[in-house]
Amino acid sequence: MRTDVSEELFDRARRVIPGGVNSPVRAFSAVGGTPRFLARGEGAYVHDVDGNRYLDLVGSWGPLICGHAHPSVVAAARSALEAGSSFGASTEGEVLLAEAIVDAVPSCEQVRLVSSGTEAAMSAVRLARAATGRDKVLKFVGHYHGHADALLAAAGSGVATLGIPGSPGVTAGATGDTVLVEWNDPEALREALAVHGDDTAAIIAEPVPANMNLVPPLDGFLATLREQATRHGALLIFDEVISGFRLSRGGAQQLHGVTPDLTVLGKVVGGGFPLAAFGGSAEVMGRLAPEGDVYQAGTLSGNPVAVAAGRAQLDLLTDEVYARLGAVTRRLADGVAAALADAGVPAQVTRHATLAGIVFADDAPVSYADVAAADQGRYAAFFRGMLDRGVYLAPSGFEVVFTSTALTDDDVEVVVDAAAATAAELAAG
Ligand SMILES: *Cc1c(COP(=O)(O)O)cnc(C)c1O
(Lines give C-alpha, C1' and ligand atoms only; values in the text may rest on other atoms or scores of the structure.)
Protein backbone atom coordinates (compact mmCIF):
# COMPACT_ATOMS: atom_id res chain seq x y z
CA MET A 1 0.00 0.00 0.00
CA ARG A 2 1.42 3.38 -1.05
CA THR A 3 1.73 5.89 1.79
CA ASP A 4 4.45 8.26 0.59
CA VAL A 5 2.21 11.30 0.10
CA SER A 6 0.80 10.88 3.64
CA GLU A 7 4.35 10.42 4.95
CA GLU A 8 5.56 13.60 3.31
CA LEU A 9 2.58 15.59 4.58
CA PHE A 10 3.11 14.19 8.09
CA ASP A 11 6.77 15.32 8.00
CA ARG A 12 5.70 18.81 6.97
CA ALA A 13 2.86 18.81 9.51
CA ARG A 14 5.24 17.95 12.36
CA ARG A 15 7.25 21.07 11.59
CA VAL A 16 4.31 23.46 11.98
CA ILE A 17 1.73 21.57 14.10
CA PRO A 18 2.69 19.94 17.44
CA GLY A 19 3.03 16.21 16.76
CA GLY A 20 1.68 16.89 13.27
CA VAL A 21 -1.93 16.72 14.41
CA ASN A 22 -4.67 18.91 15.81
CA SER A 23 -5.98 16.19 18.15
CA PRO A 24 -3.57 13.62 19.64
CA VAL A 25 -5.07 10.21 18.77
CA ARG A 26 -4.91 11.06 15.06
CA ALA A 27 -1.12 10.66 15.16
CA PHE A 28 -1.30 6.82 15.33
CA SER A 29 1.14 6.90 18.31
CA ALA A 30 -0.65 3.99 19.97
CA VAL A 31 -0.72 1.75 16.88
CA GLY A 32 2.36 2.76 14.88
CA GLY A 33 2.60 3.48 11.19
CA THR A 34 1.90 6.57 9.13
CA PRO A 35 -1.28 8.46 9.92
CA ARG A 36 -3.25 8.67 6.71
CA PHE A 37 -4.09 12.11 5.36
CA LEU A 38 -7.63 11.86 4.12
CA ALA A 39 -8.82 13.66 1.03
CA ARG A 40 -12.42 12.64 0.55
CA GLY A 41 -15.25 10.61 2.04
CA GLU A 42 -18.41 9.18 0.56
CA GLY A 43 -20.87 7.01 2.42
CA ALA A 44 -19.03 4.30 4.35
CA TYR A 45 -15.67 4.95 2.63
CA VAL A 46 -12.78 7.41 2.88
CA HIS A 47 -9.94 8.02 0.41
CA ASP A 48 -6.45 9.10 1.39
CA VAL A 49 -4.05 11.38 -0.47
CA ASP A 50 -2.15 8.34 -1.81
CA GLY A 51 -5.25 7.07 -3.59
CA ASN A 52 -6.10 4.26 -1.11
CA ARG A 53 -9.69 3.63 -0.17
CA TYR A 54 -10.76 2.44 3.30
CA LEU A 55 -14.00 1.27 4.80
CA ASP A 56 -14.27 3.79 7.64
CA LEU A 57 -15.29 2.62 11.13
CA VAL A 58 -14.35 5.89 12.83
CA GLY A 59 -16.81 8.27 11.18
CA SER A 60 -14.97 11.37 12.41
CA TRP A 61 -15.11 9.82 15.94
CA GLY A 62 -18.86 9.52 15.94
CA PRO A 63 -20.55 12.45 14.23
CA LEU A 64 -21.08 10.77 10.86
CA ILE A 65 -23.83 8.30 11.74
CA CYS A 66 -25.22 8.63 8.21
CA GLY A 67 -21.83 8.25 6.53
CA HIS A 68 -19.63 10.77 4.75
CA ALA A 69 -21.04 13.59 2.66
CA HIS A 70 -24.64 12.44 2.98
CA PRO A 71 -26.46 14.30 0.17
CA SER A 72 -29.13 15.85 2.37
CA VAL A 73 -26.61 17.01 5.01
CA VAL A 74 -24.38 18.48 2.28
CA ALA A 75 -27.34 20.23 0.62
CA ALA A 76 -28.54 21.72 3.91
CA ALA A 77 -25.07 22.98 4.85
CA ARG A 78 -24.46 24.39 1.37
CA SER A 79 -27.71 26.26 1.28
CA ALA A 80 -27.12 27.70 4.76
CA LEU A 81 -23.58 28.71 3.79
CA GLU A 82 -24.79 30.53 0.69
CA ALA A 83 -27.06 32.59 2.94
CA GLY A 84 -24.12 33.69 5.10
CA SER A 85 -21.69 31.73 7.26
CA SER A 86 -22.27 33.46 10.60
CA PHE A 87 -24.22 36.37 12.04
CA GLY A 88 -23.69 36.44 15.78
CA ALA A 89 -27.43 37.04 15.97
CA SER A 90 -30.32 34.63 16.32
CA THR A 91 -31.51 32.54 13.37
CA GLU A 92 -34.58 30.38 12.76
CA GLY A 93 -32.43 27.25 12.39
CA GLU A 94 -31.32 27.43 16.04
CA VAL A 95 -34.93 27.37 17.18
CA LEU A 96 -35.70 24.39 14.93
CA LEU A 97 -32.65 22.42 16.12
CA ALA A 98 -33.37 23.20 19.78
CA GLU A 99 -36.98 22.07 19.26
CA ALA A 100 -35.78 18.82 17.66
CA ILE A 101 -33.42 18.12 20.58
CA VAL A 102 -36.03 18.96 23.23
CA ASP A 103 -38.51 16.73 21.42
CA ALA A 104 -36.08 13.79 21.30
CA VAL A 105 -34.11 13.88 24.56
CA PRO A 106 -36.20 13.10 27.68
CA SER A 107 -34.24 15.29 30.14
CA CYS A 108 -34.16 18.41 27.96
CA GLU A 109 -36.80 21.14 28.27
CA GLN A 110 -34.26 23.71 27.13
CA VAL A 111 -30.87 23.46 25.44
CA ARG A 112 -28.07 25.84 24.71
CA LEU A 113 -25.97 25.33 21.60
CA VAL A 114 -22.17 25.58 21.77
CA SER A 115 -19.29 24.62 19.48
CA SER A 116 -17.63 21.57 21.07
CA GLY A 117 -18.32 18.77 23.50
CA THR A 118 -15.57 20.11 25.75
CA GLU A 119 -17.36 23.43 26.00
CA ALA A 120 -20.74 21.77 26.60
CA ALA A 121 -19.45 19.55 29.45
CA MET A 122 -17.53 22.42 31.05
CA SER A 123 -20.63 24.63 30.91
CA ALA A 124 -22.90 21.91 32.32
CA VAL A 125 -20.55 21.50 35.30
CA ARG A 126 -20.47 25.26 35.90
CA LEU A 127 -24.25 25.35 35.81
CA ALA A 128 -24.55 22.41 38.22
CA ARG A 129 -22.19 24.12 40.66
CA ALA A 130 -24.21 27.32 40.47
CA ALA A 131 -27.54 25.53 40.80
CA THR A 132 -26.47 23.57 43.90
CA GLY A 133 -24.10 26.09 45.45
CA ARG A 134 -21.60 23.23 45.85
CA ASP A 135 -18.09 22.73 44.50
CA LYS A 136 -17.32 19.05 44.02
CA VAL A 137 -17.88 16.99 40.88
CA LEU A 138 -17.83 13.21 40.97
CA LYS A 139 -16.53 11.61 37.79
CA PHE A 140 -15.71 8.05 36.83
CA VAL A 141 -12.24 6.74 36.06
CA GLY A 142 -11.73 6.45 32.31
CA HIS A 143 -14.70 8.59 31.32
CA TYR A 144 -13.88 11.42 28.96
CA HIS A 145 -15.70 14.73 29.12
CA GLY A 146 -13.49 16.84 26.90
CA HIS A 147 -10.32 18.62 27.96
CA ALA A 148 -11.56 21.27 30.40
CA ASP A 149 -9.14 21.35 33.36
CA ALA A 150 -11.52 20.17 36.08
CA LEU A 151 -12.56 17.12 34.04
CA LEU A 152 -9.09 16.13 32.94
CA ALA A 153 -8.48 13.75 35.82
CA ALA A 154 -8.24 10.04 34.99
CA ALA A 155 -9.95 10.71 31.67
CA GLY A 156 -10.22 8.19 28.84
CA SER A 157 -9.77 8.64 25.08
CA GLY A 158 -6.48 10.34 24.09
CA VAL A 159 -5.51 10.81 27.73
CA ALA A 160 -5.77 7.06 28.24
CA THR A 161 -3.99 6.33 24.97
CA LEU A 162 -1.08 8.51 25.93
CA GLY A 163 -1.01 7.35 29.53
CA ILE A 164 -1.12 10.92 30.83
CA PRO A 165 -2.51 10.95 34.41
CA GLY A 166 -4.59 14.07 33.92
CA SER A 167 -2.14 16.39 32.24
CA PRO A 168 0.72 18.71 33.11
CA GLY A 169 -0.62 22.25 33.09
CA VAL A 170 -3.72 21.24 35.00
CA THR A 171 -3.30 22.60 38.51
CA ALA A 172 -4.07 20.67 41.67
CA GLY A 173 -6.57 23.45 42.35
CA ALA A 174 -8.39 22.79 39.09
CA THR A 175 -8.95 19.11 39.84
CA GLY A 176 -9.05 19.49 43.63
CA ASP A 177 -12.84 19.43 43.57
CA THR A 178 -13.00 16.42 41.24
CA VAL A 179 -13.75 13.14 43.03
CA LEU A 180 -12.85 9.98 41.11
CA VAL A 181 -14.80 6.74 41.39
CA GLU A 182 -14.48 3.40 39.57
CA TRP A 183 -17.17 2.76 36.96
CA ASN A 184 -19.66 -0.05 37.60
CA ASP A 185 -18.82 -0.13 41.31
CA PRO A 186 -21.93 0.88 43.31
CA GLU A 187 -20.15 0.36 46.64
CA ALA A 188 -17.32 2.75 45.70
CA LEU A 189 -19.93 5.30 44.62
CA ARG A 190 -21.82 5.03 47.91
CA GLU A 191 -18.59 5.32 49.88
CA ALA A 192 -17.45 8.42 47.96
CA LEU A 193 -20.82 10.08 48.47
CA ALA A 194 -20.86 9.14 52.15
CA VAL A 195 -17.76 11.34 52.47
CA HIS A 196 -18.40 14.06 49.83
CA GLY A 197 -22.19 13.91 49.34
CA ASP A 198 -22.96 17.22 51.02
CA ASP A 199 -20.39 19.06 48.86
CA THR A 200 -21.14 17.33 45.57
CA ALA A 201 -22.69 19.51 42.88
CA ALA A 202 -22.87 16.81 40.23
CA ILE A 203 -22.22 13.24 39.30
CA ILE A 204 -21.06 13.29 35.69
CA ALA A 205 -20.91 10.10 33.63
CA GLU A 206 -20.91 8.78 30.11
CA PRO A 207 -23.99 6.57 30.57
CA VAL A 208 -22.53 4.12 28.07
CA PRO A 209 -18.79 4.83 28.30
CA ALA A 210 -17.09 4.82 24.90
CA ASN A 211 -13.76 6.51 25.56
CA MET A 212 -12.20 3.59 27.44
CA ASN A 213 -13.22 1.24 24.67
CA LEU A 214 -16.86 0.23 25.22
CA VAL A 215 -17.76 -0.56 28.84
CA PRO A 216 -21.56 -0.54 29.16
CA PRO A 217 -23.16 -0.02 32.57
CA LEU A 218 -23.88 -3.21 34.50
CA ASP A 219 -27.56 -3.89 35.16
CA GLY A 220 -28.98 -1.33 37.53
CA PHE A 221 -25.88 0.87 37.71
CA LEU A 222 -27.46 3.85 35.93
CA ALA A 223 -30.47 3.61 38.25
CA THR A 224 -28.04 3.65 41.19
CA LEU A 225 -26.47 6.84 39.84
CA ARG A 226 -29.91 8.43 39.62
CA GLU A 227 -30.88 7.30 43.10
CA GLN A 228 -27.60 8.38 44.72
CA ALA A 229 -27.59 11.80 43.02
CA THR A 230 -31.14 12.50 44.19
CA ARG A 231 -30.44 11.25 47.70
CA HIS A 232 -27.45 13.57 48.10
CA GLY A 233 -29.00 16.58 46.36
CA ALA A 234 -26.48 16.48 43.51
CA LEU A 235 -27.38 16.89 39.84
CA LEU A 236 -26.87 13.91 37.55
CA ILE A 237 -25.15 14.88 34.31
CA PHE A 238 -25.14 12.41 31.44
CA ASP A 239 -22.41 13.16 28.94
CA GLU A 240 -24.10 11.81 25.83
CA VAL A 241 -21.66 13.35 23.36
CA ILE A 242 -21.19 9.88 21.84
CA SER A 243 -24.35 8.07 22.95
CA GLY A 244 -26.78 10.91 22.16
CA PHE A 245 -28.61 10.39 18.85
CA ARG A 246 -26.44 7.28 18.36
CA LEU A 247 -27.77 4.57 20.69
CA SER A 248 -31.31 5.76 20.04
CA ARG A 249 -32.93 9.07 19.09
CA GLY A 250 -33.22 9.90 22.78
CA GLY A 251 -29.74 8.56 23.57
CA ALA A 252 -28.74 6.26 26.41
CA GLN A 253 -31.25 7.92 28.76
CA GLN A 254 -34.10 6.83 26.53
CA LEU A 255 -32.65 3.37 25.92
CA HIS A 256 -32.13 2.75 29.65
CA GLY A 257 -35.07 4.72 30.99
CA VAL A 258 -32.93 6.76 33.40
CA THR A 259 -33.36 10.54 33.19
CA PRO A 260 -30.48 12.80 34.23
CA ASP A 261 -30.82 16.43 35.33
CA LEU A 262 -28.46 17.75 32.66
CA THR A 263 -27.43 16.25 29.34
CA VAL A 264 -24.34 17.01 27.27
CA LEU A 265 -24.59 16.43 23.52
CA GLY A 266 -22.12 16.70 20.64
CA LYS A 267 -20.84 14.67 17.69
CA VAL A 268 -24.00 13.33 15.91
CA VAL A 269 -26.04 16.43 16.80
CA GLY A 270 -23.74 18.62 14.66
CA GLY A 271 -23.87 16.56 11.48
CA GLY A 272 -20.06 16.65 11.16
CA PHE A 273 -19.69 20.36 12.01
CA PRO A 274 -18.43 21.97 15.24
CA LEU A 275 -21.66 21.99 17.21
CA ALA A 276 -22.59 20.63 20.64
CA ALA A 277 -25.25 21.36 23.24
CA PHE A 278 -26.20 21.00 26.87
CA GLY A 279 -29.70 20.93 28.24
CA GLY A 280 -31.95 20.20 31.17
CA SER A 281 -35.05 21.46 32.92
CA ALA A 282 -36.25 24.99 32.19
CA GLU A 283 -35.66 25.78 35.86
CA VAL A 284 -31.99 24.81 35.91
CA MET A 285 -31.25 26.11 32.39
CA GLY A 286 -32.93 29.37 33.40
CA ARG A 287 -29.93 30.08 35.62
CA LEU A 288 -27.90 30.83 32.46
CA ALA A 289 -27.32 34.43 31.39
CA PRO A 290 -29.10 36.48 30.19
CA GLU A 291 -32.08 35.07 32.11
CA GLY A 292 -29.95 34.13 35.10
CA ASP A 293 -26.57 34.88 36.57
CA VAL A 294 -24.38 32.03 35.25
CA TYR A 295 -22.19 33.32 32.45
CA GLN A 296 -21.80 31.26 29.30
CA ALA A 297 -21.33 32.57 25.76
CA GLY A 298 -19.85 31.87 22.32
CA THR A 299 -19.11 33.92 19.19
CA LEU A 300 -19.93 31.04 16.85
CA SER A 301 -22.50 29.29 19.11
CA GLY A 302 -25.48 28.09 17.09
CA ASN A 303 -23.56 28.65 13.86
CA PRO A 304 -26.09 28.58 11.00
CA VAL A 305 -24.14 26.14 8.78
CA ALA A 306 -23.56 23.69 11.65
CA VAL A 307 -27.16 24.01 12.76
CA ALA A 308 -28.45 23.27 9.25
CA ALA A 309 -26.21 20.19 8.94
CA GLY A 310 -27.24 18.95 12.39
CA ARG A 311 -30.94 19.38 11.63
CA ALA A 312 -30.61 17.60 8.29
CA GLN A 313 -28.85 14.66 9.95
CA LEU A 314 -31.35 14.42 12.83
CA ASP A 315 -34.17 14.43 10.24
CA LEU A 316 -32.75 11.18 8.84
CA LEU A 317 -32.71 9.41 12.21
CA THR A 318 -35.98 7.57 12.71
CA ASP A 319 -36.60 4.62 15.03
CA GLU A 320 -36.43 2.29 11.99
CA VAL A 321 -33.00 3.68 11.13
CA TYR A 322 -31.73 2.87 14.65
CA ALA A 323 -33.18 -0.64 14.41
CA ARG A 324 -31.38 -1.22 11.09
CA LEU A 325 -28.13 0.28 12.37
CA GLY A 326 -28.35 -1.95 15.45
CA ALA A 327 -28.75 -5.00 13.23
CA VAL A 328 -25.78 -4.02 11.02
CA THR A 329 -23.66 -3.37 14.12
CA ARG A 330 -24.64 -6.76 15.53
CA ARG A 331 -23.70 -8.57 12.31
CA LEU A 332 -20.38 -6.77 12.23
CA ALA A 333 -19.59 -7.41 15.90
CA ASP A 334 -20.66 -11.07 15.75
CA GLY A 335 -18.67 -11.60 12.54
CA VAL A 336 -15.48 -10.07 13.94
CA ALA A 337 -15.91 -12.00 17.22
CA ALA A 338 -16.31 -15.27 15.30
CA ALA A 339 -13.29 -14.51 13.09
CA LEU A 340 -11.09 -13.90 16.15
CA ALA A 341 -12.47 -16.95 17.99
CA ASP A 342 -11.97 -19.22 14.95
CA ALA A 343 -8.32 -18.20 14.83
CA GLY A 344 -7.96 -18.81 18.58
CA VAL A 345 -7.21 -15.17 19.39
CA PRO A 346 -8.58 -14.29 22.85
CA ALA A 347 -10.77 -11.22 22.35
CA GLN A 348 -13.98 -9.61 23.54
CA VAL A 349 -16.22 -7.89 21.05
CA THR A 350 -18.71 -5.89 23.10
CA ARG A 351 -21.85 -4.52 21.51
CA HIS A 352 -24.42 -2.17 23.00
CA ALA A 353 -27.23 -1.21 20.59
CA THR A 354 -25.40 0.64 17.79
CA LEU A 355 -21.95 0.79 19.41
CA ALA A 356 -19.27 -1.90 19.44
CA GLY A 357 -15.79 -2.31 20.90
CA ILE A 358 -12.92 -4.75 20.40
CA VAL A 359 -10.69 -5.65 23.37
CA PHE A 360 -7.97 -8.30 23.43
CA ALA A 361 -8.62 -9.87 26.81
CA ASP A 362 -10.04 -13.08 28.27
CA ASP A 363 -13.06 -11.43 29.89
CA ALA A 364 -15.41 -8.62 28.96
CA PRO A 365 -14.16 -5.39 30.59
CA VAL A 366 -16.31 -3.76 33.28
CA SER A 367 -13.87 -1.00 34.33
CA TYR A 368 -11.12 1.21 33.00
CA ALA A 369 -8.53 -1.01 34.70
CA ASP A 370 -9.81 -4.01 32.72
CA VAL A 371 -9.29 -2.18 29.43
CA ALA A 372 -5.90 -0.85 30.48
CA ALA A 373 -4.85 -4.42 31.36
CA ALA A 374 -5.95 -5.76 27.97
CA ASP A 375 -3.36 -6.53 25.28
CA GLN A 376 -2.91 -3.10 23.66
CA GLY A 377 -0.01 -4.39 21.53
CA ARG A 378 -2.34 -6.90 20.01
CA TYR A 379 -4.92 -4.21 19.30
CA ALA A 380 -2.19 -2.26 17.48
CA ALA A 381 -1.30 -5.32 15.39
CA PHE A 382 -4.97 -5.95 14.64
CA PHE A 383 -5.42 -2.29 13.67
CA ARG A 384 -2.45 -2.46 11.26
CA GLY A 385 -3.65 -5.71 9.70
CA MET A 386 -7.11 -4.28 9.15
CA LEU A 387 -5.73 -1.03 7.72
CA ASP A 388 -3.57 -3.00 5.26
CA ARG A 389 -6.76 -4.73 4.16
CA GLY A 390 -8.62 -1.47 3.67
CA VAL A 391 -10.55 -1.23 6.96
CA TYR A 392 -9.96 1.92 9.01
CA LEU A 393 -10.50 1.22 12.73
CA ALA A 394 -9.88 3.73 15.51
CA PRO A 395 -6.08 4.07 15.98
CA SER A 396 -6.28 3.24 19.71
CA GLY A 397 -7.58 0.36 21.79
CA PHE A 398 -9.36 2.84 24.08
CA GLU A 399 -11.83 3.86 21.38
CA VAL A 400 -14.89 2.17 19.90
CA VAL A 401 -16.23 1.02 16.53
CA PHE A 402 -18.51 3.60 14.94
CA THR A 403 -20.88 2.15 12.36
CA SER A 404 -23.04 4.19 10.00
CA THR A 405 -26.26 3.80 8.05
CA ALA A 406 -24.11 3.84 4.89
CA LEU A 407 -22.75 0.34 5.69
CA THR A 408 -24.20 -2.38 3.45
CA ASP A 409 -24.22 -6.13 4.05
CA ASP A 410 -21.36 -6.38 1.54
CA ASP A 411 -19.37 -3.85 3.57
CA VAL A 412 -19.90 -5.94 6.71
CA GLU A 413 -18.53 -8.93 4.76
CA VAL A 414 -15.46 -6.86 3.84
CA VAL A 415 -14.83 -6.16 7.55
CA VAL A 416 -15.39 -9.77 8.61
CA ASP A 417 -13.14 -11.14 5.86
CA ALA A 418 -10.41 -8.66 6.79
CA ALA A 419 -10.80 -9.64 10.45
CA ALA A 420 -10.47 -13.35 9.58
CA ALA A 421 -7.30 -12.78 7.56
CA THR A 422 -5.83 -10.48 10.23
CA ALA A 423 -6.75 -12.91 13.03
CA ALA A 424 -4.99 -15.75 11.20
CA GLU A 425 -1.91 -13.54 10.91
CA LEU A 426 -2.03 -12.73 14.65
CA ALA A 427 -2.45 -16.39 15.56
CA ALA A 428 0.55 -17.31 13.44
CA GLY A 429 2.51 -14.72 15.48
C1 LIG B 1 -15.76 13.65 22.17
C2 LIG B 1 -16.27 13.74 23.54
C3 LIG B 1 -16.25 14.93 24.28
C4 LIG B 1 -15.54 16.15 23.79
O5 LIG B 1 -16.11 16.67 22.63
P6 LIG B 1 -15.20 17.62 21.69
O7 LIG B 1 -16.18 18.09 20.67
O8 LIG B 1 -14.12 16.75 21.16
O9 LIG B 1 -14.70 18.71 22.54
C10 LIG B 1 -16.85 14.97 25.52
N11 LIG B 1 -17.47 13.89 26.01
C12 LIG B 1 -17.51 12.72 25.35
C13 LIG B 1 -18.24 11.56 25.95
C14 LIG B 1 -16.90 12.59 24.11
O15 LIG B 1 -16.88 11.42 23.48
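The values are calculated or read from the model by the stated rules, or taken from the named source; none is laboratory data. Only a predicted model underlies this, so the values are computations on that prediction, with no experimental measurement involved. Glycine gets a Cβ as well: all are built from the backbone with ideal geometry, and neighbour counts include every protein chain shown. When the accessible area is computed, the model is the full protein with side chains, heavy atoms only, and any ligands, DNA or RNA have been set aside. Shrake-Rupley method; radii C 1.70, N 1.55, O 1.52, S 1.80 Å.
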Inset, instruction - With unit charges on the beta carbon (Lys/Arg positive, Asp/Glu negative), name the residue among Ala234, Ser167, Ala223 whose Cα is farthest towards the positive pole of the charge dipole of region 71-316. - result: Ser167
Inset, instruction - Over region 71-316, with every protein chain in place, what whole percent of the accessible area is carbon and sulfur at 1.4 Å, could you tell me? - result: 53 percent
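What value, in deg cm²/dmol to 500, does the helix sum -39500 (n - 2.57) over DSSP H runs of n ≥ 4 give at 222 nm once divided by the residues of the chain? Could you put the intermediate results ahead of the total?
Details: 15 runs with 172 residues, N = 429.
One gets -12500 deg cm²/dmol as the mean residue ellipticity at 222 nm.
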Legend entry - Estimated inter-spin distance, Asp135 and Ser90, nm [label 7 Å along Cα→Cβ]: 3.8 nm
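Rounded to the nearest 5, what % of the DSSP beta bridges within region 71-316 are antiparallel ones?
On the way: 9 of 26 bridges.
Around 35 percent of the beta bridges assigned by DSSP in region 71-316 are antiparallel ones.
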Inset, instruction - Quick one: compute the contact order of region 1-116, relative version, from alpha carbon pairs under 8 angstrom and 6+ residues apart, as a percent. - result: 15 percent
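Are there chymotrypsin sites (Phe, Trp or Tyr not before Pro) in region 52-119 that DSSP puts in a loop and that have at most 13 other Cβ atoms within 10 Å, and which ones? Kindly include the intermediate steps, with their values, before the conclusion.
Numbers: sites: Tyr54, Trp61, Phe87; in loops: Phe87.
Those satisfying the criteria are Phe87.
Given a cut-off of under 8 Å on Cα pairs at least six residues apart, what relative contact order in percent is computed for region 306-394? Mind dumping the intermediate values first?
Details: 70 pairs, mean separation 14.7, N = 89.
Contact order relative to length: 17 percent.
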Legend entry - region 229-265-region 23-42 distance, computed between alpha-carbon centres (Å): 31 Å
Inset, instruction - Give the percent of DSSP beta bridges with both residues in the chain that are antiparallel, rounded to the nearest 5. - result: 55 percent
Legend entry - Alpha-carbon centroid distance for the pair region 351-370 / region 376-414, whole angstrom: 15 Å
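Kindly point out which whole DSSP H helices in the chain project their C-alpha atoms 20 angstrom or further along the helix axis while averaging a Kyte-Doolittle hydropathy of -1.0 or above. Before the final figure, lay out each step's value.
Details: long enough: 117-132 (22 Å, 0.35); 319-342 (34 Å, 0.26); 409-428 (29 Å, 0.67).
Helices meeting the criterion: 117-132, 319-342, 409-428.
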Legend entry - Leading residue at positive end of dipole, the chain (Cβ point charges), from Val25, Ala380, Val269: Val25
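Roughly what percent of Cα-Cα pairs across region 71-316 reach past 31 Å?
Numbers: 6081 of 30135 pairs.
When all Cα pairs of region 71-316 are counted, 20 percent exceed 31 Å.
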Legend entry - Residues with amide H under 5 Å from that of Gln110, placed H, sequence gap 5 or more: Gly280, Ala282
Inset, instruction - Could you go through region 42-53 in sequence order and give the Karplus-derived ³J(HN,Hα) for each residue, using 6.51 cos²θ - 1.76 cosθ + 1.60 with θ = phi - 60°, rounded to whole Hz, and x for Gly and Pro? - result: 8, x, 8, 10, 10, 10, 9, 6, 8, x, 7, 10
Inset, instruction - Treat every Asp and Glu Cβ in region 71-316 as -1 and every Lys and Arg Cβ as +1, leave all other atoms uncharged, and give the resulting dipole magnitude about the Cα centre to the nearest 20 debye. - result: 340 debye
Legend entry - Cβ-based net charge around Arg134, under 10 Å, with every Lys or Arg adding one and every Asp or Glu removing one: -2
Inset, instruction - Provide the gained length on full extension for the span Ala289 to Ala39, in nm with one decimal, where the gain is 0.36 nm per separating residue minus the Cα-Cα distance. - result: 85.9 nm
Inset, instruction - Would you please give the residues with an amide H less than 5 Å from that of Val391, counting only those at least 5 places away or on a separate chain, with H modeled from the backbone geometry? - result: Leu55
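Express the relative contact order of the chain as a whole percentage, based on alpha carbon pairs under 8 Å and six or more residues apart in sequence. Spell out each step's value before the answer.
Working: 898 pairs, mean separation 93.3, N = 429.
RCO, the chain: 22 percent.
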Legend entry - Simple label model, 7 Å out from Cα along Cβ direction - Thr299 to Ala341, nm: 5.4 nm
Legend entry - Cleavage-rule hits, chymotrypsin sites (Phe, Trp or Tyr not before Pro), region 262-354, DSSP coil, Cβ neighbours within 10 Å at most 11: Tyr295
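With every protein chain left in place, what is the accessible area per residue of the chain in square angstrom, probe 1.4 Å? Please report the intermediate quantities before stating the final value.
Numbers: 17090 Å² over 429 residues.
Per residue, the chain has an accessible area of 40 Å².
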Legend entry - Among Ala130, Ala148, Gly43 the positive-end extreme of the charge dipole of the chain (Cβ point charges): Ala148
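Is there a quick way to get the dipole size of region 325-394? I mean about its Cα centre, with the Cβ of Lys and Arg at +1 and of Asp and Glu at -1; what is the value in debye to the nearest 20? Before the final figure, lay out the partial values.
On the way: 6 positive and 7 negative charges, 61 e Å.
I would put it at about 300 debye.
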Legend entry - Separation of the Asp11 and Glu187 label points, Cα + 7 Å toward Cβ, nm: 5.7 nm
Inset, instruction - Report the charge-dipole magnitude of the chain in Debye, nearest 20, computed about the Cα centre from +1 at each Lys and Arg Cβ and -1 at each Asp and Glu Cβ. - result: 660 debye
Inset, instruction - Please work out the FRET efficiency for the pair Asp409 and Asp319, using the Cβ-Cβ distance as r and a Förster radius of 22 Å; give the result to the nearest 0.05. - result: 0.60
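Counting DSSP beta bridges with both partners in region 232-345, what percentage is antiparallel, nearest 5? Before the final figure, lay out the partial values.
Details: 4 of 9 bridges.
For region 232-345, the DSSP antiparallel bridge percentage is about 45.
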